[in-house]
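The structure under discussion appears below in the form of structure tokens.
The values are calculated or read from the model by the stated rules, or taken from the named source; none is laboratory data. Keep in mind it's a predicted model, so treat the numbers as computed, not measured. Methodologically, a virtual Cβ is constructed for each residue, glycine included, from the backbone with ideal geometry; neighbour enumeration extends over all protein chains shown.
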Amino acid sequence: MLRRLLTSRGRHELAGRALARPVLTVLAVYALSRVVSVLAVWIAATWFQNPAGVGHPDPTVGDLIGLWDGVWYQRIVEDGYPVPLPVDADNGRITYSAWAFYPLYPYLVKAVMLTGMSFAVAGAVVNLVLGAVAAVLIHALFRSTYHAGRQPQRERLALVAACLWCFYPTTSVMLKPYTEALAVALVAAALLVLVRRHYLLVAALAVPLGFTRGVAPALGIAVLIHLVVRWREERAAGLRPLAGQRAAVVTMLAALGVSGIAWPVVAGLATGVPTAFFDVQAAWGQKPADGPFVLWFEWAWQSKGALGVLVLVALAGTYVALVLGRHGRWMSVEMRAWALAYPLYLFAVVRPITSMWRFLLLDMPLAALLASVAMRTANGQQVVPHWKRRVGVVVLVLVGGILWWTCSLLTYTPWGSFPP
């Protein structure tokens with residue numbers, strides 16, 4: 001059987017079966033990526049974790065799963081959010097607290113804990129399920145032909161892209177009690193129903209997203225671009241734009257507005273400090289008052305001078321060119337809009353921190369661009385005959401990225417670590 005699979009005909013049949021059952025294939029690859037992630041965490045715990053970071057001489061996988069922000073989510077589950085706002089005893093200023101973390105994920109974990117599971121187990125179970133849901137939704141998004149360029153090999157590209165997303169270098173974070181899996185699932189679901197013009201469903205998803213991750217402005221840009229494209233198409237066809245759905249569109253836009261401010265408003269009302277959320281974020285190091293993008297250019301300049309700034313601009317320009325060019329054109333307009341709006345939003349509001357690596361897990365179109373570059377010819381019209389070898393090399397590089405990220409950033413040394 002193994003020899004048969006290794007033959008050209010066997011590989012062809014295997015690829016055919018994968019394409020015939022794409023959802024099962026995506027779930028199988030997702031399961032494999034969980035195994036790889038657990039192995040990476042075990043390697044990190046065994047050979048890279050400093051015992052001082054976990055308080056005993058033999059660090060384990062469980063120790064690494066509970067490190068970093070997971071501690072704060074556990075505090076939310078066990079103690080809720082602190083009122084009044086904690087302040088620094090030395091200077092009286094607002095200091096670190098759980099108010100910087102959105103509530104939907106920890107309370108979802110708390111609900112699962114009613115079954116008797118511990119916080120760590122419940123968090124892992126929730127993320128395992130949500131990650132699988134996200135992978136399936138991402139595959140459905142890549143398959144969509146709405147507002148997308150013609151691509152005869154779409155099914156193959158979509159399947160490979162969804163599988164590559166499962167091996168994004170920071171995928172180990174979805175083993176931890178972090179919000180990434182929930183956020184990706186909600187964003188992917190919102191984009192999918194947006195593409196299919198189910199605007200009330202977008203509204204229904206926008207509200208929980210507002211209590212999961214502050215990405216409503218980026219999603220709003222994708223929504224607006226979708227509406228502009230649809231408006232122009234229907235006017236050009238002599239139709240009344242958005243006929244029969246204008247009330248749903250207004251509801252969707254209102255829900256996105258609520259999503260963008262919901263948690264800061266709740267934090268302000270609960271603590272009695274209108275700017276509580278932003279004050280706590282400032283305590284964690286965010287500096288929106290310095291202006292959008294400024295901190296990134298300062299960081300590049302201080303690191304490598306003019307060369308650092310040029311590299312930063314070149315990387316951003318290359319990414320934009322890929323999204324707008326032939327390698328991005330096979331995706332829907334909505335996905336390309338998200339691919340541009342989300343990183344732009346991140347670089348505008350988030351300071352240069354190593355957590356950016358995991359934040360980009362929500363930039364699902366990265367996997368689609370990678371699949372296209374690896375699989376297609378220079379003109380982007382055909383899949384190259386040896387695409388499997390090229391994708392295999394990409395997967396090996398991604399697995400190396402998982403090991404690097406897990407061993408270098410997921411581990412914790414009290415006196416000198418950067419947060420994952």
**Request:** Output the qualifying pairs, or none if there are none: Cβ atoms under 7 angstrom, residues six or more apart or on different chains, first residue in region 79-104 and closer than 16 Å to GLY268 by Cβ and surrounded by fewer than 13 Cβ atoms within 10 Å (Cβ to Cβ), second residue among the β-branched types (Val, Ile, Thr) and at pLDDT below 95.
**Result:** none
**Prompt:** Any residue at all in region 71-92 that is in a helix (DSSP H, G or I) and in contact with a Leu (Cβ under 9 Å, 6 or more places away or on another chain)?
**Reply:** no
**Complete:** The residue from PHE347, PHE293, PHE297 that alone is under 30 Å from ALA100 (Cβ atoms), more than 21 Å from the chain's Cα centre (by Cα) and not acidic (Asp, Glu) is PHE297
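This table checks each residue for (1) closer than 25 Å to LEU344 by Cα; (2) at pLDDT below 95; (3) in contact with a strand residue (DSSP E or B) (Cβ under 7 Å, 6 or more places away or on another chain); (4) aliphatic (A, V, I, L, M).
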{"position": "LEU137", "(1), (2), (3), (4)": "yes, no, no, yes"}
{"position": "HIS147", "(1), (2), (3), (4)": "yes, yes, yes, no"}
{"position": "THR171", "(1), (2), (3), (4)": "yes, no, no, no"}
{"position": "LEU186", "(1), (2), (3), (4)": "yes, no, no, yes"}
{"position": "VAL202", "(1), (2), (3), (4)": "yes, no, no, yes"}
**Prompt:** Of the residues that make up region 53-76, is at least one at pLDDT below 95, more than 25 Å from the chain's Cα centre (by Cα), surrounded by fewer than 18 Cβ atoms within 10 Å (Cβ to Cβ) and closer than 30 Å to TRP99 by Cβ?
**Reply:** yes
**Asked** For the subset of region 275-290 comprising residues that are at pLDDT 90 or above and not hydrophobic (A, V, I, L, M, F, W, C), which member is farthest from the chain's Cα centre (by Cα)?
**Response** THR275
**Prompt:** Mind checking whether some residue in region 235-249 is assigned to a helix (DSSP H, G or I), within 22 Å of the chain's Cα centre (by Cα) and small (Gly, Ala, Ser)?
**Reply:** no
**Request:** Please report, ordered by residue number, the helices (runs of 4 or more DSSP H) entirely within region 301-420 with at least 2 residues that are buried (at least 18 other Cβ atoms within 10 Å of the Cβ) and free of Cβ contacts under 8 Å to residues at least 60 places away in the same chain.
**Result:** 333-349, 365-375
**Fill in**
How many residues of region 129-185 are among the β-branched types (Val, Ile, Thr), part of a helix (DSSP H, G or I) and surrounded by fewer than 24 Cβ atoms within 10 Å (Cβ to Cβ)? The answer is 3
